[in-house]
1. Between GLN1087 and TRP657, take the C-beta separation as r, use R0 = 45 Å, and let me know the FRET efficiency to the nearest 0.05.
2. Mind listing the phi-derived Karplus ³J(HN,Hα) values for segment 123-135, rounded to whole Hz, using 6.51, -1.76 and 1.60 with θ = phi - 60°, and x for any glycine or proline?
3. Greater than 28 Å separation of Cα atoms is the criterion. Which listed pairs, LYS393/LYS440; LYS656/LYS1030; LYS440/LYS589; LYS323/LYS353; LYS33/LYS134, meet it?
4. With only alpha-carbon atoms in the gyration tensor, what are the semi-axes of the equivalent ellipsoid for segment 294-376, in Å, largest first?
5. Using 0.36 nm per residue of separation minus the Cα-Cα distance, give me the extension gain between GLN72 and LYS589 in nm, one decimal.
6. Once the piece of chain linking ILE758 and ASP841 is laid out straight, how much longer is it, given 0.36 nm per residue of separation minus the C-alpha distance between them?
7. Could you order the peptides 742-752, 1080-1090, 436-446 from most to least packed, using the average number of other C-beta atoms within 10 Å per residue?
8. Beyond 24 Å, how much of the Cα-Cα pair distribution for segment 132-242 remains, as a whole percent?
Amino acid sequence: MDLSSLLNQGDSGLSIDDLYSLQRCDNNEKLNKLNGVVFDYPSNSTDTYRFFDAFIQLVLSIQDDGDEFGTQYANTLIIGALRTCINGLLQQEGFHWLVSYPSHLSDRTWNLLESRSDTTFLNYLYGLALGLNKQDSIPFDTWVQSLLYFLRAKVPALTCHMWLNFAYLDDRHRLSRQRQPSAQTAFLVAMEAEYSNTLYDLLLTMTGPDNLSLLSKLESGLGGTLLRDPYTYADIMLAMGSLEHSIRTCRTNYPLLAHESSRYITDQISAGLDRKPQKLMEEGRTKRDYMVGRYPTLVTKDLLGDQPLDPDSRSRLFEQAKKRWIQATGVLRPDDFDQFLQQLVVTLYPSKKRCILDSVLVDWAARDPFGRHMQLIVDTIMRLINSFNYNKKWAPYTPWIEAFDLTGNGRTTPAGYNIKTGAEINLSKFSTKHNAAIVKGLGNILQQMTLRATSTTAESWIVDCLLVSSPDVIQTYFDYLVHQANQEFQAERLHEHNIMTFASHLHGILARQEIYPIAPFVVPSLLRRASEHTLAWIIQRKTDRVGYVKTDRGSQRYHSGQSVVIYFDEGTDLSSKHLVTDLLRNKTKNYMNYLLTYLHQRSKLGDPSQQGTQSWFSRHFMEAILTEAATTNGGQQHSVASELYDELLRDHSTFKWVFTVPYVATDAIHMGVQLKKTNLVKNHTFMPIRDTGMATLLHCVTQLGEPQQHRLTQIWMDLWISSAAATGDDDNGNGDRLCVPDLMVLQCIGLYDQAPVIMRQMMERFMKLGIQARTDISINDNGSKDTAAPHTTFNERIMDLLMLSDAPEVDGLLDLYLQLSYTSAATSDADQDEMVQAVVDTLIELAGECDIFFKYPVYLKASGRQPAAPPKHEPTPPLDEFDEYTRMVETGSASKENHSTDEWSDSGGTINTPISAKSRRLRQTLSQKQRKKQASLAKALIVQKMDELQLQNESKKRRRKTNGQDEQQGKKRHKLDPSKPDAVALSTKEENDRNAWYEVLVTLLQRLVNFILVVVSDSDENSLCPMARKALRNKMVRHFLLYEPLATLTRLSDLPTNILNDIQVIIDISIDSIEKDGDTVTPGIIQRILNPL
């Protein structure tokens, strides 16, 4: 025992009060007290932390007198006293006390540790916490949080050592597959929260020339607390790359650290750009010669010369240069290699000349695993080009653009083979899988280019790179860009002067027309990642946040959302099926409303003659909405798809453009309504049925299972039927009523033949309720009741559907309507009279329109249209004409000049005549009637033939006489106004209008004639309600006004032949039906009407 210990034997030990009082004494007294010190530890655990904090403050208050011997002596006493204090506290409290002590040190203590130039005592405290990792009883995350408190000392070397240890431990846990919390993540979170301003000094220390010596000095004082062998220079470089990479990839999580990292890189680039090559002008050498002279192994003349034409030579030079660069990274210091890269970029760019080094540089940046060199290269290039105009043929633009073309870049020889014919097939063009590291590296380059883009030059360069990129690179880039834009809009406070960097750049990229070819790759990534505000920004829709920012980036730009329109206008349902399903499952109702409203407004809705005006909704959204709405997930009843399904069926304006507008312009009526505003159009409702969204809806429902069909049908009925009908409790339908306009109901009923069974039952219910109501609910486009609607009864509406629409299998609809009307207590025999009168009135109107149209053949001549040849009534009996007609409709072998087809096309400026095909049941009925006539009239063939020959001759004489009179009258009218020699000439618009109206008249007439054939045909045995069908037929054939317009139509020889034949069949069937009833007077009256003297 020394003298000091003997002197202190009588003392009771230093208490916490003694430690505080000693801080005011001089150094000698402090050191004497610490020599062989004995401590009086508090009994309370909380007070022990205060005791240790006071001891540290006492030690740090000892001033260095400058004497080397005195300093070493003082350090020896201090370390000895510290060991004594720690040992006593550990014996009293245990190791867990040592884990918690850093969190109990006061701010004054940390400030003293930070201000002390000698870090020996701090390193010893750090070593105490570091060595606790070897204690298995202490949880790993608890140890990490304890060690992170030493960031408060703000010593770069200690912080660097801490990051190295965390990176080492995380790698060891990953390799051993131990599930431990990430120490590196905890480090970054702590740095971002309180110590982001120390990152700059940390990066300077890690790249400084004395980085290894600082770490060696630190580790020399840690002794046995080290977790591994001393770190090497390579370990420091890898750790730095990992640190920068972690910050860059999670920029949104660590914005302050990202700012400090960018500031460090910017300062390094500025320092590199300011290093001008010395004696360059004095020696008369170019900058490229200077680079060859300064870095002879890294930059050779063959790398700076013209590129060899031989692909093998290019590949050999390319690989040699990469190998030398890799070797140089292990020899040169980091700042020296960084300086080389910066000077190389400044030397090469911008330039009209291309060389092998261009490809080496971009490949080096793309393959950089940590992104450090990539960031430095890209930032240097962007600082250079932002002040130059964009020229795609110059370097660095062209070499970097080619690097993004992974299927055909010039760095490697394309894999292909030659066939005997000499054709070359580049198999790499068909490859969709690329090296994941290259794809990731190119995506990182685009991200860094975006961060540094401050001019249209950079934006144009980025767009050209995207145009040749693989889908993986495009999607990776837009995922990043949209995510950053989302973060900007999610900021807590969004002011008018906020700089929307990523959102503005996203708008600028999408507003370029050049981006449209890659819309199939851009739009899915865009829509999946975008938030409501980002989508509103793209489509320029005002929201509570988007309204603050300006979206107009110049008059030469296209709309930034046009890529979305192009994707859904030109894409296929296969490419978008998964996208729309994901949107319905993961996005909100407002998001889908924004998207659908924008597509509806931007599509070609105003011109029905344009192909595909509404098909985008049918091809991309209809099936997904129905499938998702019919599927119940976990009892979820109000999904986005269900809400959209309800809105489609409930909202009148939405229903109109989704379900009633034809997808393609195969319906001549829809176009004709826009061209002619006649009484016929004003007095009737024309509903396109087949090529509409309703047909697509029923087709999609048919593909679903029975439970899904039942769910969709039940939702539909709940929306359209009020009161008890929705629940099915009232079988009689008392009190039930339709709560939607009749037009919506008839649009649905028109496709009765194509609907699944469960939806047919729903349509029957709708029709029954409509018949019972007998009044029409007419709604304007704005949703209010229309009191000026021309139709007031459901009967008139459905008669227009049966007579004038393109509904399939009209005879089935007629049977259903007659059955429900016949069994309904609210109907009577007067309803059938009303139906007959509706047919007659419509036929009279249509015959009058046709008569007026064909009375002016000069218009046909002026428009270039040749009048249809009159039907050649050969001197054959009606039996033979009927045979030929029936054979035609059975085999479908109608000639093209008769236009017996349901479709029409625009070819060479003329429109082919659309003729509606007859229904299946009508063809069967006519075939049966043909066979009966063949059996019953075979004996009278010769007599009928002679009679018909005589009638036809008389008819031809009358027609010639009428045509001669009309021609003379036309000549007289032309001579009345000699001042207008071109009076009969039509303008192009008038000619097109007349052609279209001709198609309208022919189509309507064929549909009406087909319906009359359905009514008068003898098909009672196949009818659902034969009694009502027979009564309707009897009323129809005995209505004398029916034959007046028929007689008018038979005299119009310019009508298509098959329509004239159909009219003759109607007359024959009607007369035969009357004669079968034993009536001999009525047929004579009908003949006099048809053939007046």
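1. The calculated FRET efficiency here is 0.35.
2. Computed from phi, the couplings for segment 123-135 are 4, 5, 5, 5, x, 4, 6, 5, x, 5, 5, 7, 8 Hz.
3. Flagged as over cut-off: LYS656/LYS1030; LYS440/LYS589; LYS33/LYS134.
4. 21, 14, 13
5. 178.7 nm is the gain from fully extending GLN72 to LYS589.
6. Going from the current span to full extension adds 26.3 nm.
7. Working: 742-752: 23.8, 1080-1090: 13.5, 436-446: 20.0.
Going by the mean number of other Cβ atoms within 10 Å, highest first, we get 742-752, 436-446, 1080-1090.
8. Values: 1308 of 6105 pairs.
Distances greater than 24 Å cover 21 percent of the Cα pairs.
A short reminder: the numbers here are calculations on the coordinates, not readings from a lab. These numbers were taken from a predicted model, which means no experiment stands behind them. Positions of Cβ are backbone-derived with ideal geometry, glycine not excepted, and every protein chain shown enters the neighbour counts.
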